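Notes follow once the structure below has been shown.
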Amino acid sequence: MTIAAQGAFAPSTRIDSFAATALVDRPTLVLDIDRVEAQYHALKVGLGFAHIHYAVKANPTREIIERLVNIGSHFDAASRGEIELCLSQGAEPGHISFGNTIKKPADIAFAHHVGVTLFAADAGEELEKIAENAPGAEVYIRVLVENSEADWPLSRKFGCRASMVPDLFARAIELGLVPVGLSFHVGSQTRRAEMWAPVLDSVAGIWRDLQDRGYAPTLLNIGGGFPAYYGDPVDTPTTYASRVMGLVTERFGQVARVMAEPGRGMVAEAGAILAEVVLVSKKSEDDTHRWVYLDIGRFSGLAETEGEAIRYQIATPRDFDSFGPCILAGPSCDSADVLYEKRPIMLPLTLKAGDKVVIRNTGAYTSSYSSVGFNGFPPLDVIVL
Ligand SMILES: *Cc1c(COP(=O)(O)O)cnc(C)c1O
């Protein structure tokens, strides 16, 4: 099978050559770890003095963590399990931040015990848990950003409003913690660097307010949001990251410590899913749209098609034929398992059951979102090249 190149981007040639000959009988994510390394270096050049803390949740495959430890990345962990994973691959505890603002006391105690010293919080109760289970730790306060223009905004679940930040700084000090600064997340898949400007404006206002009140914040954690290529043009990682850092410097001047937590931007383009067409059908003779059903869907790895937010590029062995609009769906017996319908996708008219397809740039938020076996369909398999 040959897969025609699509679009103006350069997919991993290692993944393409693997896909051309691979015989897999279930949906499989193929990862090119060298590509992860290339993304890391490209982001690093653009981010300059900022430390990269890879957001492990984007893809916790062991080999990715191992490689990133070897090339000097730091890590942002969301759970005890992710901290253990990073440590097992040789990460230094001082290079791991516990960035989830919603933590169980026992997990905070575990992190403290193994030497993690930097924690996120957005509420007084969380500070109390940290003070009790990781006495003397450094904390940064996660602030809510309201003006995200991201394709996958992170909504209202994390962060507190600006007005609460000074009180949380005071409370942290009362509790014997060291409040070192602020964090935020601009929203995942923020396609253009300029979209950061209004968010950075509001965070800079909070930062200056803290300084006016006599605090001296030293750590600015700019979170993730670095985009991947899904069909709409995006800047290279280096250009994007250096533009973001330019916007940061304009507003914050010299900051002692800047952290960035790319997840998607580090791993999405390092992976592709090999899948198969299970059925092509029409609901009536005069239906203008075909329905194309794949052996992978919303519950087996493509969770980010929710709301049709992330639109993956799909390569097929028939890309030299003419194309027509399709509704794309997964295999499970759940009516929510429709991937693209509001905006149908274009696929070759000759596509049929049994055709192998490659879903591009799916290295982020796929294997980690895949159910263990909803409807009895196997979870996404992972192969590391
Ligand atoms: C998910 C997450 C990230 C990664 O976001 P991307 O948009 O994938 O880069 C970074 N930081 C925190 C705190 C997160 O929760």
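The values are calculated or read from the model by the stated rules, or taken from the named source; none is laboratory data. These figures come from a predicted structure and were not determined experimentally. Here the Cβ is made from the backbone with ideal geometry for all residues, glycine too, and neighbour counts use every protein chain on show.
Within segment 215-231, can you find the residues that are of a type in the set (S, T, N, Q) and within 16 Å of the ligand (Cβ to nearest atom)?
Of everything in segment 215-231, just one residue is of a type in the set (S, T, N, Q) and within 16 Å of the ligand (Cβ to nearest atom), namely Asn221.
Tally up the residues in segment 119-163 that are in contact with a Lys or Arg (Cβ under 6 Å, 6 or more places away or on another chain) and at negative phi, please.
6
Just to verify a result, which residue in segment 176-192, among those that are more than 15 Å from the chain's Cα centre (by Cα) and buried (at least 19 other Cβ atoms within 10 Å of the Cβ), is farthest from the ligand (Cβ to nearest atom)?
Ranking the qualifying residues of segment 176-192, first place goes to Leu177.
Quick one: Ala256 ticks every box in (1) closer than 30 Å to Ala19 by Cβ; (2) surrounded by fewer than 18 Cβ atoms within 10 Å (Cβ to Cβ); (3) touching a Ser or Thr at 6+ places or on another chain (Cβ under 8 Å); (4) not aromatic (Phe, Trp, Tyr) bar one, so which box is it?
(1)
Only one of Gly324, Gly301 is at positive phi and not assigned by TED's automatic domain parsing to the domain that holds Tyr229. Can you tell me which?
Gly301
For Ala172, are the conditions met, namely being over 20 Å from the mean Cα position of the chain (by Cα) and crowded, with 17+ Cβ neighbours inside 10 Å?
Taking the combined requirement at face value, the residue satisfies it.
Quick one: is Ser163 away from the ligand (no atom under 12 Å from the Cβ) and among the hydroxyl-bearing types (Ser, Thr, Tyr)?
Criteria met by Ser163.
Does segment 327-340 contain at least one residue that is assigned by TED's automatic domain parsing to the domain that holds Ile310, farther than 20 Å from Gln313 by Cβ, under 21 Å from the mean Cα position of the chain (by Cα) and of a type outside the set (S, T, N, Q)?
no
Scan segment 234-253 residue by residue and report those that are without any contact (Cβ under 8 Å) to a residue 60 or more places away in the chain and surrounded by fewer than 15 Cβ atoms within 10 Å (Cβ to Cβ).
Gly246, Thr249, Glu250, Gly253
Of Ala275, Ala270, which residue is farther than 20 Å from Gly223 by Cβ and more than 16 Å from the ligand (Cβ to nearest atom)?
Ala275
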